[in-house]
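The values are calculated or read from the model by the stated rules, or taken from the named source; none is laboratory data. This one's a predicted model, so the numbers in the text were calculated from it and none came from an experiment. Don't worry about glycine lacking a Cβ; one is built from the backbone with ideal geometry, like all the others, and counts go over all protein chains shown. Areas reflect the complete protein model, heavy atoms only, side chains present, ligands, DNA and RNA absent. Shrake-Rupley method; radii C 1.70, N 1.55, O 1.52, S 1.80 Å.
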Amino acid sequence: MNEEQETSSIPATQRLSLTIFGANGGTGAAAVKQALAAGHRVTAVTRHPEQFAQRHDRLTVFKGDATVIADVVEAITGADAVLSALGVPYSRVSISLYSDSARCLVEAMAQTGGRRLVVVTSSAVDPDGFPVTSPVSRIIGKYLIGPVIHSLGRTMYADMLRMEEIVRGSGMDWTILRPPALFDKEAAGPVEVSLAPMAGQFIARQDLAAIMLTEASSTQHHRETLYVRSLDGRPSILRTIWDDGIGKKKK
Ligand SMILES: NC(=O)c1ccc[n+]([C@@H]2O[C@H](COP(=O)([O-])OP(=O)(O)OC[C@H]3O[C@@H](n4cnc5c(N)ncnc54)[C@H](OP(=O)(O)O)[C@@H]3O)[C@@H](O)[C@H]2O)c1
């Protein structure tokens, strides 16, 4: 498909050049797909371009490591906004992807004159990030789900907090998104975005991707940390823990 044939959802003047890290992951791939559909130009960064399925006239698939400064500088040069949906599975050993990539992104943006940065961490970095509304869910959350998630993700959440600190101290026009548990659905739907933690423990990767793109082209939430959730769709929390942690490690 070429640009002339395509029906874009935004005017030509609002089309951006976006560099998306984690583009080969669930959220990143959804962001690439939605960005192209909207008319943006996309550089999709992955260490494994041979595994990246999407093709498009306005898509550049860039082989690079988000923790290697030379790769990041090359990938973001000329970008209007830089988006990170980078992630690793839960691990008992120390995780440094989030903080190492944040350092590289910020330094590379300083070198190339980039300003707009949207990154994804997790609502679980906040001890109050999972507010609940009913007594039953409070008990389940406190004695079952909460301890499992925090035990599995202890090293990940510590590094996400380091990433947030680096991003907040960067002087860039940043937005941090703190999603709850992720799941997949066909297409993006209605969402809620808030400065405070929300009840509602899920967001679809497709919805998270849509919020990343909205934030990349908006000044509304510059230098803010946002909680996000889907308003429709609801997977099993146990399935989500399996997919995100134990299942990923076994791959
Ligand atoms: N799953 C959940 O329930 C949940 C909840 C809250 C927040 N989150 C966070 O939400 C974000 C998106 O999650 P997701 O499940 O959609 O992502 P994902 O499928 O785990 O994808 C993450 C991608 O990061 C890339 N990556 C890892 N290390 C890299 C490196 N050094 N350089 C370049 N790329 C690298 C990998 O791509 P390549 O291997 O191709 O390079 C991978 O495809 C993550 O930050 C995750 O921690 C997840």
Rg/Rh (Cα only; Kirkwood hydrodynamic radius) as it applies to segment 151-194: 1.06
Could you order Glu165, Glu192 by accessible surface area, starting with the largest, using a probe radius of 1.4 Å? Glu165, Glu192
When the accessible area of segment 12-250 is computed with all protein chains present and a 1.4 Å probe, what percentage of it is carbon and sulfur? 54 percent
Label points 7 Å out from Cα along the Cβ direction at Arg47 and Thr60: separation in nm? 2.2 nm
Measuring from label point to label point, each 7 Å out along Cα→Cβ, what is the Ala110 to Ser194 span in nm? 3.6 nm
Measure nothing but the geometry: give the 0 to 90° angle between the long axis through the Cα atoms of 154-168 and the longest principal axis through the Cα atoms of the chain, rounded to 10°. 50 degrees
Kindly report, to the nearest 10 Å², the accessible surface of Lys185 as traced by a 1.4 Å probe over protein heavy atoms only. 40 Å²
Measure nothing fancy, just the Cα-based angle from helix 26-38's long axis to the longest principal axis of the chain, in degrees from 0 to 90, nearest 10. 40 degrees
How many Lys pairs in the chain lie less than 24 angstrom apart by Cα atoms, where the lysines are 8 or more positions apart or on different chains? 10
At q = 0.07, 0.09 Å⁻¹, work out log10 I(q)/I(0) for the chain with the Debye formula, treating every Cα as an identical point scatterer and leaving solvent out; two decimals please. -0.22, -0.37
Distribution output for segment 1-114: share of Cα-Cα pairs per 10 Å bin in percent, first bin at 0, values 15, 45, 31, 9, 1, 0
The extension gain from Val68 to Val88, computed as 0.36 nm times the residue separation minus the Cα-Cα distance, is 5.6 nm
In Å², what does the accessible area per residue of the chain work out to with a 1.4 Å probe? 49 Å²
Sorted by packing (mean other beta-carbon atoms within 10 Å per residue), highest first, where do 217-223, 116-122, 78-84 land? 116-122, 78-84, 217-223
Here the relative contact order (percent) of segment 68-186, from C-alpha pairs under 8 Å and at least 6 apart, is 38 percent
Taking the Cβ of Val72 as the center, what net charge do the other residues with Cβ under 14 Å away carry, scoring Lys and Arg +1 and Asp and Glu -1? -2
Can you give me the relative contact order of the chain as a percent, contacts being Cα pairs under 8 Å and 6 or more apart? 19 percent
Sum of -39500 (n - 2.57) over DSSP H runs of 4+, divided by residues of the chain (222 nm, nearest 500): -10000 deg cm²/dmol
How long are the three semi-axes of the equivalent ellipsoid for segment 41-190, computed from the Cα gyration tensor as the root of 5 times each eigenvalue, in whole Å, largest first? 31, 18, 15
